[in-house]
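Below is one structure, written out as structure tokens; the observations come after it.
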Amino acid sequence: MNILTIEGKRLVRDLRALGCDVLDISGCDRSADVLLERPLYYKGLRALLDSRGFRPDAVIWMDQGNLPVVFGLEALDCVVLGYTIDDYCNPWHVPFSACFDAVFVAQRDYVPLFEAENLPRPARWTPLFCDHERDVDAGATRDIPVSFVGTLQPKNIPDRFPFLEAFKKRHPLYTRQGDYRPIFHRSRIVLNQSAIGELNYRVFEALGCGAACLTEQTDNGLDDIFTAGETILPPYPKGDVEAAAAAARFWLDRPEALAAIARAGRDLVRAEHTSRSRVSLLLEWAQLLARENAPARRLAIRQRAAVGVATAMAFIAAELLDPALARSRQTYENLAQGYTSLWSRL
């Protein structure tokens, strides 16, 4: 299949490994085939595809935490899929999903919000994953008892740094930012913390690399995927440093049981929750929706889909309150006000 990906960095390698011809467009990733310096609208998108002789069988838009820079997806005559990740902090994803023939939602508890859009397209819970090629158990000596790799002081998670520092007072903890793999390969336990209870990438990455994962108790499908004490360490109550440190001590004192849980978690994730398995799922849906002529259903309600995108732009504009972002805010305000009339002129 010819696949056009929008911000599809995490999927491109596996799509190509499965034989797809891929064109990747991004507003941020310099390794993409096309790096955009300004928003790309429908006519510009068509011109770009024509200039490269690329006719997509399907489009996959994937949330990478960036604001949208490609518009007019709802006007394309091929299957358009969306994979939304950070549903919990990007409410604009819900109306924006009107431009998709199917939307794949990483956080289970947010699926009903997408279903409530009441458009003739499915919303499917599709958990996150680890990298099929790179998140593997390297067989290294596991000489780091407990580690945490991630942004240490993120603005949207103000309690992270105090939590990690408090944990260090109760149990040794190796922390760093940057590439997690060299550390996860050497870790016996990877400590995880979420922003607001989402089931995040770190869980799958840690397990894929062969470490046991100690995460907080959360919803969004944690208990549907993993079994506490079998494929993941029993979760600690969110924010409970004492419980987290006590759990680490308990399992480190039981090395054989800890190693068995780590192996079972690794095997589960490698079998069902890798980038390769997610790409296979998306391709299956693309083929199914093509056979059902789903793009025709979307095009039949194109004005409604355009209203959804315009609503998403209004959501974004309302959140760009920093004076330094005034220019961006104006761009999205203009889109919110004029998107439906813009579409009618396509």
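The values are calculated or read from the model by the stated rules, or taken from the named source; none is laboratory data. Quick caveat, the model's predicted, so the values are computed rather than measured. Every residue, glycine among them, receives a Cβ derived from its backbone with ideal geometry; neighbour counts consider all protein chains shown. Protein only, heavy atoms only, side chains kept; ligands, DNA and RNA dropped before computing areas. Shrake-Rupley method; radii C 1.70, N 1.55, O 1.52, S 1.80 Å.
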Query raised in the report: Rounded to the nearest 500 deg cm²/dmol, what is the calculated helix-only ellipticity per residue at 222 nm for the chain, with -39500 (n - 2.57) per DSSP H run of length n ≥ 4?
Result: -12500 deg cm²/dmol
Query - Rounded to the nearest 20 debye, dipole of segment 272-346 from Cβ charges on Lys, Arg, Asp, Glu - result: 320
Query raised in the report: Let a ≥ b ≥ c be the square roots of the eigenvalues of the Cα gyration tensor of segment 186-331; is it rounded (a/c under 1.5), or, if not, prolate (a/b larger than b/c) or oblate?
Result: oblate
Query - Residue with peak Gaussian network fluctuation, the chain [Cα springs, cutoff 10 Å], from Pro235, Pro158, Pro56 - result: Pro158
Report task. Name the residues whose placed amide hydrogens come within less than 5 Å of the amide hydrogen of Asp24, ignoring near sequence neighbours (fewer than 5 apart) on the same chain. Result -> Thr5, Asp33, Val34
Report task. For the chain, give the percent of accessible area contributed by carbon and sulfur heavy atoms, probe 1.4 Å, rounded to a whole number. Result -> 50
Query - For the chain: accessible area per residue (Å², 1.4 Å) - result: 43
**Report entry** For Tyr236, residues with placed amide H under 5 Å, excluding near neighbours
**Finding:** Thr215, Glu216, Gln217
Report task. Work out the FRET efficiency for Ala138 and Asp322 from their Cβ-Cβ distance, taking R0 = 45 Å, and round it to the nearest 0.05. Result -> 0.60
Query raised in the report: Given a cut-off of under 8 Å on Cα pairs at least six residues apart, what relative contact order in percent is computed for the chain?
Result: 17
Query raised in the report: What shape does segment 195-266 have by the C-alpha gyration tensor, where a ≥ b ≥ c are the square roots of the eigenvalues, rounded means a/c under 1.5, and otherwise prolate means a/b greater than b/c and oblate the rest?
Result: oblate
Report summary line: Label model pair Asn334, Ala195: point-to-point distance (7 angstrom along the Cα→beta-carbon line) in nm is 2.8
**Report entry** Relative contact order (%) - criterion: Cα under 8 Å, at least six apart; region: segment 226-346
**Finding:** 18
Query raised in the report: Size of the dipole of the chain about the Cα centre, Lys and Arg at +1 and Asp and Glu at -1 on the beta carbon, nothing else charged, in debye to 20?
Result: 620
Report summary line: Taking 0.36 nm per residue of separation between Ala116 and Arg55 and subtracting their Cα-Cα distance, the length gained on full extension comes to 18.7 nm
Query - FRET E, pair Cys28, Arg297, Förster distance 30 Å, beta-carbon r, rounded to 0.05 - result: 0.40
**Report entry** segment 265-271 - phi-based ³J(HN,Hα) in whole Hz, Karplus 6.51/-1.76/1.60, Gly and Pro as x
**Finding:** x, 4, 5, 5, 5, 5, 7
Report summary line: Reduced to Cα centres, the span from segment 54-106 to segment 281-346 in Å works out to 9
Requested in this report: Please report Rg over Rh for segment 75-136, where both radii come from the alpha carbon positions and Rh follows the Kirkwood definition.
Outcome: 1.02
**Report entry** Separation in nanometres of the label points that stand 7 Å from Cα toward Cβ, at Leu252 and Lys43
**Finding:** 6.4
Query raised in the report: Of all GluC sites (Glu not before Pro) in segment 249-337, which ones are in loop regions per DSSP and have a Cβ with at most 13 other Cβ atoms within 10 Å?
Result: Glu292
Query raised in the report: Ranked from the most accessible area to the least, with a 1.4 Å probe and all protein chains present, what is the order of Thr141, Thr84, Thr175?
Result: Thr141, Thr175, Thr84
Query raised in the report: Which whole-number percentage describes the relative contact order of segment 1-152, with Cα contacts under 8 Å and a sequence gap of 6 or more?
Result: 16
Query - P(r), alpha carbons of segment 17-126 - 5 Å bins starting at zero, rounded % - result: 2, 11, 21, 24, 20, 14, 7, 1, 0
Report task. Give me the Debye-computed log₁₀ of I(q)/I(0) at q = 0.08, 0.09, 0.12 Å⁻¹ for the chain, equal point scatterers on Cα only, no solvent, two decimals. Result -> -0.42, -0.53, -0.90
